[in-house]
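Here, each number is a calculation from the coordinates, and none is a lab measurement. Predicted model, so just to flag it, every value in this text is computed and none were measured. Note: ideal-geometry Cβ built from the backbone for every residue, glycine included; neighbour counts use all protein chains shown.
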Amino acid sequence: MAIILGIESSCDDTSASICKDGKIKSNIIANQEVHAKFGGVVPELASRAHQQNIIPVVDTAIKEADIDKNDISAVAFTKGPGLLGSLLVGVSFAKSFALARQIPLIEINHMQAHILAHFIDEPKPRFPFICLTVSGGHTQIVLVKDYFHMEILGQTLDDAAGEAFDKSAKILGLPYPGGPLIDKYAQKGNPNAFSFPEPRIKELDFSFSGLKTAILYRIQDEVKKDPDFIPNHLHDLCASIQHRIVTILLNKLQKAVLKYQIKDVAVAGGVSANSGLREALLELGEERSWKVFIPKFEYCTDNAAMIAMAGYYKFLKKDFVSQQVSPLARMPIV
Ligand code: KG4
Ligand code: ZN
């Protein structure tokens, strides 16, 4: 029997999960509301909140999984990438737990874990597959050759897709994180009401900073003419912004599929919760005969189930680390 405790604390969500013999038994997430009024994650406040949340979150994950703490075989934790002060709380907790119980420690790359979230439920993708990984800090097209053998085919040169959503939302006066709000308002809007530019970036790389500037200038111009422009057009603005971000992502994904001739295509990371992206990807997949994999909502944004799942595969390989391990703010996916 293999029972893995997974710990995730890379940004502003504290999460713990139990994976028993490859099946997720619990996935507890404490969100931090404290950042909303600041328009972004405040690192100092995030690490303090992790410190307060980590023990109750782990306790609840163990109780909900209905297992005995003494039966936990190993602790898997997010080593990076992420905010150092946030990561330190999870890493220190994991080390202490492993030391006290004399069980192995397993380090996990957060971005690999987002991709491995696809192995939580059926149907699971088969290797090799292409994964569009879109979160608050990353936008990458990844060739997934094996559980821990991945190659970046293209990535953003500036902002991540999640940042493009959040920064656009900020321009519209919406609180952080604005991505889910843009998604919500977009549902009642016309995606063709406003036209925003698609950047010309070569190969499989992305850029979102020009889009953000174009949105800012357009809105500033319109607000000069009509101070109520944003509230009067909120739904159409959100739908048009979302439409442009989604088409930028999917156009590059199509290019990758054509170049590598791999038709098993997955999406991962917080932005994969976006309903416009999910719908458009399913449609495109149907049209192009791709096999499309989209995670359940709870496994899109940051969660420890993906860490516990990735930990399970490393546990099978006995891929453990020593107590000397420390977190990394930057950590490549390979
Ligand atoms: O993967 P994640 O939870 O954290 C990071 O590792 O960054 O991704 C968070 C990002 C945020 O930018 C958030 O606005 C975005 O995912 N996001 C969404 C949606 N849900 C989360 N963006 C657009 N539509 C959504 N429904
Ligand atoms: Zn993430």
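Can you list which of the trypsin sites (Lys or Arg not before Pro) found in the range 95-145 are DSSP loop residues with at most 15 other C-beta atoms within 10 Å?
Numbers: sites: Lys95, Arg101, Arg126, Lys145; in loops: Arg126.
For trypsin sites (Lys or Arg not before Pro) across the range 95-145 that sit outside H, G, I, E and B with at most 15 neighbouring Cβ atoms in 10 Å, the list reads Arg126.
What 222 nm value per residue comes from the helices of the chain, counting each DSSP H run with n ≥ 4 as -39,500 (n - 2.57) and dividing by all residues, nearest 500 deg cm²/dmol? Spell out each step's value before the answer.
Details: 9 runs with 142 residues, N = 334.
Only helices count here, giving -14000 deg cm²/dmol.
D by Stokes-Einstein for the chain, Kirkwood Rh over Cα pairs, 37 °C, 0.692 mPa s: 161 µm²/s.
For Phe293, nonlocal amide neighbours, meaning residues 5 or more places apart or on other chains whose placed amide H falls under 5 Å from its own, are Val265, Ala266, Val267.
Could you tell me what % of all Cα pairs in the range 29-124 have separations over 17 Å? Before the final figure, lay out each step's value.
Values: 2794 of 4560 pairs.
Summing the P(r) of the range 29-124 above 17 Å gives 61 percent of all pairs.
For Ala214 and Gln261, the FRET efficiency from 1/(1 + (r/R0)^6), where r spans their Cβ atoms and R0 equals 51 Å, is about 0.90.
Separation of the range 1-67 from the range 265-334 is 17 Å, based on Cα centroids. When the charge dipole of the chain is built from unit charges on Cβ atoms (+1 for Lys and Arg, -1 for Asp and Glu) and taken about the Cα centre, the candidate among Leu216, Ile141, Tyr260 whose Cα reaches farthest toward its positive end is Tyr260. Highest average first, the peptides 311-323, 161-173 ordered by how many other beta carbon atoms sit within 10 Å of their residues are 161-173, 311-323. Scalar couplings 3J(HN,Hα) for the range 277-284, obtained by applying the Karplus form with A = 6.51, B = -1.76, C = 1.60 to θ = phi - 60°, are 5, 4, 5, 5, 5, 4, 4, 4 Hz; x denotes Gly and Pro. Simple rule: put +1 on each Lys or Arg Cβ and -1 on each Asp or Glu Cβ in the chain, find the dipole, and look at Pro227, Pro332, Pro81; the Cα lying farthest toward the positive end is Pro332. With distances taken between every two different alpha-carbon atoms, the range 67-167 has a Kirkwood hydrodynamic radius of 15.6 Å.
If you scale each eigenvalue of the Cα gyration tensor by 5 and take the root, what three semi-axes come out for the range 123-294, rounded to whole angstrom and sorted largest first?
On the way: eigenvalues 182, 47, 37 Å².
The equivalent ellipsoid of the range 123-294 has semi-axes of 30, 15, 14 Å.
For the range 96-123, the residues whose backbone nitrogen is under 19 Å from a point 7 Å from the Cα of Asp319, taken along Cα to Cβ, are 104-121.
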